[in-house]
Amino acid sequence: MVMGVLAWLFGDPRHVLFPRNSTGMFCGVGMNRDQPRMIYVDILKCATTTKVMAAALGGTQCPTTQVCVPKCPSHFWMLSAAAYDPDANPKDFFHQQYCDHSLNLTTTTWTVQEILDAELCPSFLVPSKSALGRCLPSLHALKSAPSNFTLPGMASVNETVNSIRSAMGSLISGFNRKAVGVRVFEDFASSWYWILLGLTLALLVSVVFLLLLRYLAIVLVWILMVGLLVVGGYGIWHCYSEYYHFSTSKLKFGDLSFNTNISVYLQVKETWLAFLIILCVWESILILVLSCLRRRLSVAVALMEESSRVVGYLMSTLLYPLFTFVLLVVCVAYWGMTSLYLVTSGAPLYRVVSLSDPSVDKCSLINGSETCKPQTFNSSAYPYCPSVRCIFFRYDDTGLFQQNLVYLQVFNIFAFLWCVNFVIALGQCTLAGTFASYYWAFSKPTEISPFALSQCFIRTLQYHVGSLAFGALLLTCFQLVRLVLEYLNHKTRGSQSACGRFLFNCLRCCFWCLEYFLKILNRNAYIMIAIYGESFCVSAKNAYSLLMRHIGRVVLLDRVTDMLIFFGKLLVVAIVGVLAFFFFSGQIRLPGDTFQAEMLNYYWVPILTVMAGAYLIAQGFFSVYSMCVDTLFLCFLEDLERNDGTMQKPYYMSRNLMRILRKPKPFVTALPE
């Protein structure tokens, strides 16, 4: 909360969410509320930036007048030859909505040439699309430019189109020189509603899968297994076909440099050979696992059916993941907004720059080192250079808050991971308490409270928040160390020796194993906390000792069940991830101008966000069945040690659960459902 307050005091997300005009005003805000788009008066200047301009602006801005407009141009237009007549009236040729707001075409005494020299109005317009609020020429429209669309000084329409394309490339390259954090959040700003749509789709797919699992567990599991085999077989056939197709190609993988266009790598036979080997190994492992664990797989499916029966008595538990989903969305939104405010915490800085070529007039006196404020800038102070402008070039990073921005972002990530782990722990403990109350009821389901879930939730908040926060903190520390190691490995990858790479990989492997072990330990500790109400450390110790005493059942039964649930989560992520890839990479297009993949700096940012969010959502929903299976299994082991089936110590397990786990029939057990 303190981090959020500090970020809110120093940050201004409008720097990312809205474009600016040449006076520093935001388009779509305040006085420009009805003008949310921004055009470049002479976009060709973006490709012909002089060295002085480039040095002054740091390569991040196009040195031309920028004007807020209601909408982007939708047609080709250029000044006619008659406009250059000294007696021509500017209002007969220019469009007021595309001119600088300081110019009134009705009352101005300026000639057309003077307006063009001062860059107050554009001399041509092309059909444009909005990208991050900025109007950029449409590449599709440029292909159909009219034959008479030839700008002054150019020989043909092809030369004009190529110049505009070159300017677009320079402009996009300038965007790409911005800080990575700003570019990433620009992608979030332009695609957040589609990301939310993808997360909603993941929610719906998870609900459908759980409903099918409730009524068709055995059928769904075997369909999943057979489906994986069929998909793997098809993948092997497809990879072999592509490898055979490119077998005569002389292009090798080592001949390619790094390229963001993935299709380039798909034209190399070594790529398909690698895919073929990976799929063959995967298919062999899957067949071997299914053959060796065929009987255990049937028992695991039966255990899931028993869990489905328990969930059927406690249907409210299926709604709890919605609450977890809301809390996770709040955590992600709060982290995202805080990061956005942090990355925009510096005040914008402006410099005085000439928009004309300084080599042909006295504008050479302006070297681009003088700072200014667009709200108070007066171009009349530079009478020898009419094209002088006050243009933004970067954000201030000299303040104490901005100098420690990296540490603040790291702390923000730490707080985000802690909150997410706590939300997951809260759900695990609540569900474990609910299912444990079912198991330890002697007369099922008559002794089950209709408000078992809400009672367990209140009890968890009342007595176990500290234990859950402590367990989440331990897990967060290991996750943060893993993130730091990944960051260091990425930064030093080019300079690492063979020994250094070996040590890094060993550290990454060790911390991954420790994190995985801690997740399992925390999960079982939360179950023991829900049953006995003891502290985290005591519960973790008791859970670990109990599982070690029955390690055979744990490995052969509980892990197989977890594998089936994990395959279900992978199915949800795969479905949503594939659709997100085709959509955000531009291979699936919507009618109209609803969304364009070209406006993204990194199309993989929303894809990875959707996939990560889909996994978190699937994790939340599948945690119902997973927690039910783990709770029943742990309660079963505890029941075996505490009771012996006599009248004095009857078993609490149901007869169906006893049959599934192959326990000899006891003398006394819980009443049948």
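The values are calculated or read from the model by the stated rules, or taken from the named source; none is laboratory data. Only a predicted model underlies this, so the values are computations on that prediction, with no experimental measurement involved. Cβ sites come from the backbone with ideal geometry, for glycine too, and all protein chains shown count toward neighbours. Side chains included, ligands, DNA and RNA excluded: accessible areas come from the protein's heavy atoms. Shrake-Rupley method; radii C 1.70, N 1.55, O 1.52, S 1.80 Å.
Brief remarks follow.
- Inter-site label distance for residue 462 and residue 87 at 7 Å from Cα along Cβ, in nm: 9.4 nm
- Net charge dipole, segment 369-518: roughly 280 debye, given to the nearest 20, about the Cα centre with Cβ charges of +1 for Lys and Arg and -1 for Asp and Glu.
- Scalar couplings 3J(HN,Hα) for segment 630-644, obtained by applying the Karplus form with A = 6.51, B = -1.76, C = 1.60 to θ = phi - 60°, are 5, 5, 4, 5, 5, 5, 4, 5, 5, 5, 5, 7, 8, 10, 10 Hz; x denotes Gly and Pro.
- Accessible area per residue for segment 394-450, computed on protein heavy atoms with a 1.4 Å probe, is 45 Å².
- Solvent accessible area, Å² - residue 562, 1.4 Å probe, full protein context: 40 Å²
- Given charges at Cβ of Lys, Arg, Asp, Glu: segment 378-518 dipole, positive-most of 450, 465, 403: 403
- Close amide-amide hydrogen proximity is noted between residue 78 and 125, each under 5 Å apart and 5 or more residues distant or on a separate chain (H modeled in the peptide plane; Pro and chain starts excluded).
- Karplus-derived 3J(HN,Hα) values for segment 36-41, using 6.51 cos²θ - 1.76 cosθ + 1.60 with θ = phi - 60°, are x, 9, 9, 10, 9, 4 Hz; glycine and proline are entered as x.
- Tail beyond 16 Å, pair distance distribution of segment 601-651 (Cα, percent): 63 percent
- Full extension of the chain segment joining residue 492 with residue 278 gains 74.2 nm, where the gain is 0.36 nm per residue of separation less the Cα-Cα distance.
- Residue-wise HN-Hα coupling along segment 481-491, computed from phi with Karplus coefficients 6.51, -1.76, 1.60 (Hz; x: Gly, Pro): 4, 4, 5, 5, 4, 5, 5, 5, 5, 5, 6
- Between residue 532 and residue 407, the simple label model (points 7 Å from Cα in the Cβ direction) yields a spacing of 4.2 nm.
- The heavy atoms of residue 493 offer some 140 square angstrom of accessible surface to a 1.4 angstrom probe.
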